[in-house]
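Written out below as C-alpha cells is the structure these notes cover.
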Amino acid sequence: GVKIVTIGGGSSYTPELIEGFIKRYHELPVRELWLVDIPEGEEKLKIVGELARRMVKKAGVPIDIHLTLDRRRALEGADFVTTQIRVGGLQARAKDERIPLKYGVIGQETNGPGGLFKGLRTIPVILDIIRDMKELCPDAWLINFTNPAGMVTEAVLRYSDHKKAVGLCNVPIGMRMGVAKLFNVDASRVHIDFAGLNHMVFGLNVYLDGNNIMDQLIDRLTSSDKAGMTMRNIADLGWEPDFLKGLKLLPCPYHRYYFQTSKMLAEELEDAKKIGTRAEVVQKLEKELFELYKDPNLNVKPPQLEKRGGAYYSDAACSLICSIYNDKRDIQTVNTRNNGAIASIPGESAVEVNCIITKEGPKPIAVGDLPVAVRGLVQQIKSFERVAAEAAVTGDYYTALVAMTINPLVPSDTIAKQILDEMLEAHKEYLPQF
Ligand code: NAD
Ligand code: G6P
Ligand code: MN
Ligand code: MN
C-alpha cells in the first residue's frame, strides 16, 4: 500500500484531501496517511484528524490515519509527501496584506510584497523538509501546495538536488470548472492549453469537445457583469471587454492584480476598512469550519469549505498522485522544471504548464514562445521569483530589496525599502536567516 505524509495536516483543507483519497481508493490504495503539524497547530490537527478518521470509517476504506508532531518519524518510508504549511499562521498573512496597504501597495499573499515575505518565511522550512526526505524517504515525491507555490518550486529546483518535486495550485482546475459553468457543460468536455507561471498562468487556447471556443468564451466573459471567473479570495471586478478581445487569451484570476492594479487596490483598501483583509476574513471562516469539524456526527467534507479559495484542491492533489502512482500519462497542469517547454523562460526554472503525468513525473508539453503581449510580464515575474528565492536562501538584505523593487505591484525603490524594512521587523521571528 501507499504511504502518504501531509505536512501542515491541521489545515482546514485536509478534509478535501481525505475526500480525494476516498474517491480514488480503488486505484490509489493509501494504507497510511500521516498528518504532521507543529505544537501551535496541535489542536487543529486533533480536530481535523478525528474528522478524517470518521470520514474514512464512514466510507469503509481501510486508511490508517496517524497524527503527529514528529515530522521525521512520519517521513520514514513515505511514498508521497504533500506540504500545506503556513509559516507564522494567518497572523503573519494579515501583516503581509496590511503593511503594504499603508504605503498604497497591494499586499497579496502570493503575488505582491506579501508573496515575497511568505516566500522568505517558507522557503527555508521547505528546504529543511527536503533535507529530512533525503535521509528518510529519498525516493518519495514532494507535492508542494504551500504558497507562494511558484517561488517555492523555483527554490526547490535551484537550491536542492531533490528531483522528485512538483508544485501544485488549484487555479488551472478552477479555470476549467469556470469555463464549464459558463457554457453549462461538464468540465470533462473542456480542455485548456495552460502556460505561464503559478498565479501567472494563461489559457492559450480553450476547447469544448475539441473545438476552439476562445472567441465565444471571451464574448461570454465580457457580456455579463459578473462572469469574469474568479476564486473566492479575489474580487471579480469584471474585465474591460475590448482588452480581452484584443488579448485573445484567458487570464487567470490573479492577473487582475497586474492588469487592474488601481481598481484592485481601491477594492482592497475598502475591504480592509469594512470587512478586514482576506486573512482576517479567513480567520473567521476558519473558526466556523473548525466548530463544524468538531461535531462527532459529521463524517463528510462540509460544503462550507467551499468558502475558502482552495476549492478543488483535492482533485488536483489526488489526481496528480494517482497519475504518478499508476503511470497514467494523462494531462494535468503543474509547476515543474521548464526543460524548454516555454522558450523564453530558462530551462531549469519552474513553470506552470500542461504536462503528461508519468511514473517518472510530469513531462511538460512544449508551447514555444508565449504571445508577445504577455511574454515580458511572465519573464518579469520569473525574475522576481528567482531574486526572491535567492534572498530567502541567503538572507541578504540587498537581494530582498531588489526583489521587492522589481515586483510590478511596487511603484518605487523608496517605497519598496519602506515596506521591506517594516515587514522585516514585523516578521523577524520567522526570518532567522536575516
Ligand atoms: P493554515 O494556516 O491552516 O496552516 C496549515 C497548517 O500548517 C497549520 O495547522 C499550521 O499549524 C501548520 N504549520 C505551520 N508551520 C508549519 C511547519 N513548519 N511544519 C508543519 N506544519 C506547519 O493554512 P491553510 O489556509 O490551510 O493553507 C496552507 C497552505 O496552503 C498555505 O501556504 C496556503 O497558501 C496554501 N494554499 C495553496 C493553494 C494553492 O493553490 N497552491 C490553495 C490553498 C492554500
Ligand atoms: C486560491 C489560490 C491559492 C490560495 C487560495 C487562498 O485557491 O490558488 O493559492 O492560497 O486561493 O484562499 P483563502 O481562502 O486562503 O483566501
Ligand atoms: Mn494557488
Ligand atoms: Mn469587496
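The values are calculated or read from the model by the stated rules, or taken from the named source; none is laboratory data. Everything quoted here is computed from the prediction, not taken from an experiment. As a convention, Cβ positions derive from the backbone with ideal geometry for all residues, glycine included, and neighbour counts pool all protein chains shown. We work out accessible area using only protein heavy atoms, side chains counted, and drop any ligands, DNA or RNA first. Shrake-Rupley method; radii C 1.70, N 1.55, O 1.52, S 1.80 Å.
Working out 0.36 nm times the residue gap between ARG72 and LYS102, then minus their Cα-Cα distance, what length gain in nm do you get to one decimal? Don't skip to the answer; put the middle values down first.
Details: separation 30, 0.36 × 30 = 10.80 nm, distance 4.09 nm.
Extra length available between ARG72 and LYS102 comes to 6.7 nm.
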Handout entry: Residue-normalised accessible area of the stretch 54-184, given per residue in Å² at a 1.4 Å probe
Key = 35
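Given the chain, report the % of alpha carbon pairs whose separation exceeds 28 Å.
Values: 44450 of 93961 pairs.
Value for the chain: 47 percent of Cα pairs lie more than 28 Å apart.
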Practice task
Tally up the carbon and sulfur contribution to the accessible surface of the chain as a whole percent, 1.4 Å probe, everything protein left in place.
Solution key: 50
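Mind checking the stretch 4-46 for GluC sites (Glu not before Pro) that DSSP puts in a loop (not H, G, I, E or B) and that have at most 11 other Cβ atoms within 10 Å? The partial results should precede the final answer.
On the way: sites: GLU16, GLU19, GLU27, GLU32, GLU40, GLU42, GLU43; in loops: GLU27.
Of the GluC sites (Glu not before Pro), the ones in loops of the stretch 4-46 whose Cβ has at most 11 other Cβ atoms within 10 Å are GLU27.
On a full-extension model of 0.36 nm per residue, what is the gain between ASP186 and GLN91, subtracting their alpha-carbon distance, rounded to one decimal in nm?
Numbers: separation 95, 0.36 × 95 = 34.20 nm, distance 3.87 nm.
Stretched out fully, the ASP186 to GLN91 stretch lengthens by 30.3 nm.
Please report, in debye to the nearest 20, how large the charge dipole of the chain is about its Cα centre when each Lys and Arg carries +1 at its beta carbon and each Asp and Glu carries -1 there. Write out the running numbers ahead of the final one.
Details: 54 positive and 56 negative charges, 109 e Å.
Once rounded to the nearest 20, the dipole reads 520 debye.
Cα-Cα over 26 Å: which of LYS58/LYS181; LYS102/LYS181; LYS163/LYS417; LYS164/LYS382?
Numbers: LYS58/LYS181 31 Å; LYS102/LYS181 38 Å; LYS163/LYS417 35 Å; LYS164/LYS382 21 Å.
Too far apart for the 26 Å limit: LYS58/LYS181; LYS102/LYS181; LYS163/LYS417.
What FRET efficiency would be calculated for the residue pair GLU40, ILE365, taking the C-beta separation as r and a Förster radius of 45 Å, to the nearest 0.05?
On the way: r = 41 Å, r/R0 = 0.91.
So the FRET efficiency works out to roughly 0.65.
Calculate, for ASP215 and GLU240, the FRET efficiency according to 1/(1 + (r/R0)^6) with r their C-beta to C-beta distance and R0 25 Å; round to the nearest 0.05.
Numbers: r = 17 Å, r/R0 = 0.67.
After rounding, the FRET efficiency stands at 0.90.
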Practice task
Enumerate the residues in the stretch 6-34 having an amide nitrogen under 16 Å from the point lying 7 Å beyond the Cα of ASP64 toward its Cβ.
Solution key: 6, 29-34
Fill in the blank from the handout: Projecting the Cα atoms of ILE85, LEU142, TYR103 onto the charge dipole of the stretch 13-164, where Lys and Arg contribute +1 and Asp and Glu -1 at Cβ, the residue farthest towards the positive end is TYR103
Practice task
Please tell me the relative contact order of the stretch 80-210 in percent, rounded to the nearest whole number, where contacts are Cα pairs under 8 Å and at least six residues apart.
Solution key: 19
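Report, in deg cm²/dmol and to the nearest 500, the calculated mean residue ellipticity at 222 nm for the chain, where each DSSP H run with n ≥ 4 adds -39500 (n - 2.57) and the sum is divided by the residue count. Don't skip to the end; give the middle numbers.
On the way: 16 runs with 207 residues, N = 434.
For the chain, the value works out to -15000 deg cm²/dmol.
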Handout entry: Cα convex hull of the stretch 65-185 - mean projected area over all directions, nm²
Key = 10.1
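How large is the convex hull of the Cα atoms of the stretch 257-369 per residue, expressed in Å³ as a whole number? Each step should come with its number before you reach the end.
Working: hull volume 17.2 nm³, N = 113.
Looking at the stretch 257-369, the number lands at 153 Å³ per residue.
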Fill in the blank from the handout: For the chain the mean separation of alpha carbon contacts under 8 Å (6+ apart) over residue count, i.e. relative contact order in percent, is 18
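As a test of the definition: which semi-axes, in Å, follow for the stretch 325-434 when you take the square root of five times each eigenvalue of its alpha carbon gyration tensor? Largest first, please. Display every interim value, and only then the final one.
Details: eigenvalues 218, 67, 20 Å².
Values for the stretch 325-434, descending: 33, 18, 10 Å.
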Handout entry: Length-normalised contact order for the stretch 139-189 - Cα pairs under 8 Å, 6+ apart - percent
Key = 33
Practice task
Multiply the residue gap between LYS134 and ARG329 by 0.36 nm, knock off their C-alpha separation, and tell me the result in nm, one decimal place.
Solution key: 67.6 nm
Problem - Where trypsin sites (Lys or Arg not before Pro) in DSSP loops with at most 14 other Cβ within 10 Å are excluded, longest remaining stretch of the chain - result: 1-162
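Counting other Cβ atoms within 10 Å, keep those with at most 15, restrict to DSSP loop, and tell me which GluC sites (Glu not before Pro) in the stretch 289-368 are left.
Numbers: sites: GLU291, GLU306, GLU348, GLU352, GLU360; in loops: GLU348, GLU360.
Passing both the DSSP loop test and the Cβ count: GLU348, GLU360.
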Practice task
State in Å² the accessible area per residue of the stretch 199-341; use a 1.4 Å probe, count heavy atoms of protein chains only, and round to the nearest integer.
Solution key: 46
